[in-house]
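Each value in this text was obtained by applying a stated rule to the coordinates, not by laboratory testing. Because the structure is a prediction, the values reported are computed rather than measured. Neighbour counts run over all protein chains shown; Cβ positions are idealised from the backbone, glycine included.
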Amino acid sequence: MTDPEAQLRNALLDLGLEDWIPIPEAVASSEVREAVGDGSVVEAVSQALRVLVREGRVRLYRGHWNEESDPVPLAEGLELLNDPKWYRFRLDEPGEERLYFVNADNVG
């Protein structure tokens, strides 16, 4: 059996193969929650995504939920992943931007 951190990274990579995934959707994913177990899902996802971004295995995009998203440069992305606002939907905010990730194998 793989260690929980590797299981979480694999779950995120699998999700990212499907489409551009809003980070709150990943936090709510049953596969992600199962991999995290009893720990903080937000903290675990944040740490795992930072590892995957540094390794070049996922790419980050940011934008309004109903428009095209723009790629986020590495340093900025790592900083954004530290902000807890990106890990929940903020539907009450007009013009809400979301942070998305995608498996790098899914983009050209």
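A few notes on this one:
- Taking only the alpha carbons of the chain, we obtain Rg and Dmax values of 13.0, 44 Å in that order.
- Extension gain, residue 31 back to residue 82 (0.36 nm per residue minus Cα-Cα distance, nm): 16.2 nm
- Dipole of the chain [Lys/Arg +1, Asp/Glu -1 at C-beta], most positive-end residue of 63, 23, 6: 6
- The loop-placed GluC sites (Glu not before Pro) in the range 1-80, going by DSSP, that have at most 14 neighbouring Cβ atoms within 10 Å of their Cβ come out as 55, 67, 68.
- Charged-residue dipole, Cβ positions (Lys, Arg, Asp, Glu), the range 15-108 about Cα centre, Debye nearest 20: 240 debye
- Sum of -39500 (n - 2.57) over DSSP H runs of 4+, divided by residues of the chain (222 nm, nearest 500): -13000 deg cm²/dmol
- Exposed-loop-free span, longest in the chain, where trypsin sites (Lys or Arg not before Pro) count as exposed if DSSP calls them loop and at most 14 other C-beta atoms lie within 10 Å: 1-87
- Structural descriptor for the chain: relative contact order 37 percent, calculated from alpha carbon pairs under 8 angstrom and at least 6 residues apart.
- Distances between placed amide hydrogens fall under 5 Å for residue 65 paired with 98, all partners being 5 or more residues away or on another chain.
- Taking the fewest neighbouring Cβ atoms within 10 Å as the starting point, the ordered list for 65, 86 is 65, 86.
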